[in-house]
There are 2 protein chains.
Amino acid sequence: MTTISPQREVTRDLVLDAALALFTEKGYFNTSVHDIGRKAHVSIGSIYHHFGDKAGLARALYSALTAHMAQRIGTLERQHGSCHDQARAVVAELFDLTESAPPVMNFMLYARHREFLPDEPPVCSSRPFAMMREMVRRGMASGEIRRMDPLIASTCLFGGPLRMITARLDALLPRPLPDYLDDTWTCAWRAVATS
Amino acid sequence: MTTISPQREVTRDLVLDAALALFTEKGYFNTSVHDIGRKAHVSIGSIYHHFGDKAGLARALYSALTAHMAQRIGTLERQHGSCHDQARAVVAELFDLTESAPPVMNFMLYARHREFLPDEPPVCSSRPFAMMREMVRRGMASGEIRRMDPLIASTCLFGGPLRMITARLDALLPRPLPDYLDDTWTCAWRAVATS
DNA sequence: GTCTATATCATGATAGAC
DNA sequence: GTCTATCATGATATAGAC
């Protein structure tokens, strides 16, 4: 969200950051545009000037975050050879991100976008999720993963880890997620691995 | 939700059914109390008489559904001996329920209750989820499930199946969930089983 | 591009007759 | 217990000066 930041972009980023924090803390519908402006020290007029309406703001946030995540996954794919290593790196990254930036994780995979962005496809159809499914498909082709419906395989592989994330966001887990990574990943991989 | 239904309860059930349908279709915040009254053919006054306020209505719905589900799980526990059979029966039940009553499933495990019921604990703390964790704990004691943090085990066991449910609710899966039960369960159980 | 002030409107909730 | 009519609030969004 923060790049070269010509003055032009500064306001936008201020607003997006405030919106992310408030959406996570109180939810989209419990957050008014006034709240966002107050928190970002930006006037309502500016917000509407930049984003058109409240949904436009949410949309901008959503695509910025998923684009960034897709890019991260792409990098991890290039850094690791096997499907096993790639998928594990993705889970590790998601766990780290949950601790370092809970609101990002919360908004990206826990918020019910359908309710405030009716035209946006569901999260599981977003770019990052598609990349993860594709990763599984390749692992099946290479023989690392048992042959089955790829949709089932990818849901079973990532389902556990993803629920660990939501459990952590709900404060159900006492310790930071990376502490649970080894055990979680062992279970996840056993679920679908050939060996 | 429908028992003996003295006239006293008839209005309540009418309202709860309409609310469930609308909350699922448009979300809690996009549904007005007027909408609910219109759909249930009941006046606003009656709704407030019975439920106090909009959140009270949601609370009544939430506890009715989780109570019912907890009861179903209890029955399944009694009908099956091993942890494996119990847990599989629970997943089968959840899959069936997702097809026969999508709104029930949707409201129970997909809605973001925190946003409209701030005082209610998160879903994963509800009775049914607690029962499922306890089931896993027993399976670990009896040696069916590998020794590990019980919270991780239960998340890994049920994480895949639960994500299958949300995928189906998001219309990502073309066929009815029970068609996927065998493969999903095989993966889920392998994730945590000792053998 | 940013601001303040304001229009408009829908919603949650209540009053009070029957 | 159910209804209709109404209130009061607070939200989204706009207008128009700077």
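Read the figures in this text as sums done on the coordinates, not as results from a lab. What you are looking at is a predicted structure, and each value in this text was computed from that prediction instead of being measured. Cβ atoms come from the backbone with ideal geometry, glycine included; neighbour counts cover every protein chain shown.
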Under the classification rounded if a/c is under 1.5, otherwise prolate if a/b is larger than b/c and oblate if not, where does the protein assembly as shown fall, given a ≥ b ≥ c as square roots of the Cα gyration tensor eigenvalues? oblate
Across the range B:109-116, in residue order, what do the Karplus-derived ³J(HN,Hα) couplings come to in whole Hz, using 6.51 cos²θ - 1.76 cosθ + 1.60 with θ = phi - 60° and x for Gly and Pro? 10, 10, 5, 8, 4, 3, 6, 10
If one compares the long axis through the Cα atoms of helix B:54-79 with the longest principal axis of the Cα atoms of chain B, the angle in degrees, nearest 10, works out at 30 degrees
Which of the cysteines in chain B are isolated, no other cysteine C-beta under 4.7 Å? B:C83, B:C124
For label points placed 7 Å from Cα toward Cβ, what is the shortest-first list of nm distances from A:R138 to its copies? 4.4
From the Cα gyration tensor of chain A, with a ≥ b ≥ c the square roots of its eigenvalues, which class applies: rounded if a/c is under 1.5, or else prolate if a/b is larger than b/c, or else oblate? prolate
When each copy gets a label point 7 Å from Cα toward the beta-carbon at B:A70, what are the spacings between them in nm, shortest first? 4.4
Vicinal HN-Hα couplings computed from phi for the range B:6-11 (Karplus, 6.51 cos²θ - 1.76 cosθ + 1.60; Hz; Gly/Pro x): x, 2, 3, 8, 4, 4
Size of the dipole of the protein assembly as shown about the Cα centre, Lys and Arg at +1 and Asp and Glu at -1 on the beta carbon, nothing else charged, in debye to 20? 60 debye
Please report how far the C-alpha centroid of the range B:87-109 lies from that of the range A:61-105, rounded to the nearest whole angstrom. 30 Å
Note down the net charge around B:V42, summing +1 for each Lys or Arg and -1 for each Asp or Glu among other residues with Cβ under 11 Å from its Cβ. +1
Two pseudo-spin positions, 7 Å from Cα along C-beta at B:E134 and at A:S63, lie apart in nanometres by 4.9 nm
Computed over the range A:1-52, Kirkwood Rh from alpha-carbon pairs, angstrom: 11.1 Å
List, shortest first and in nm to one decimal, how far the label point of B:E93 (7 Å from Cα along Cα→Cβ) is from its counterparts in the other copies. 4.0
Quick check: pseudo-label points 7 Å beyond the Cα along Cα→Cβ at A:Q7 and A:R78, how many nm apart are they? 3.6 nm
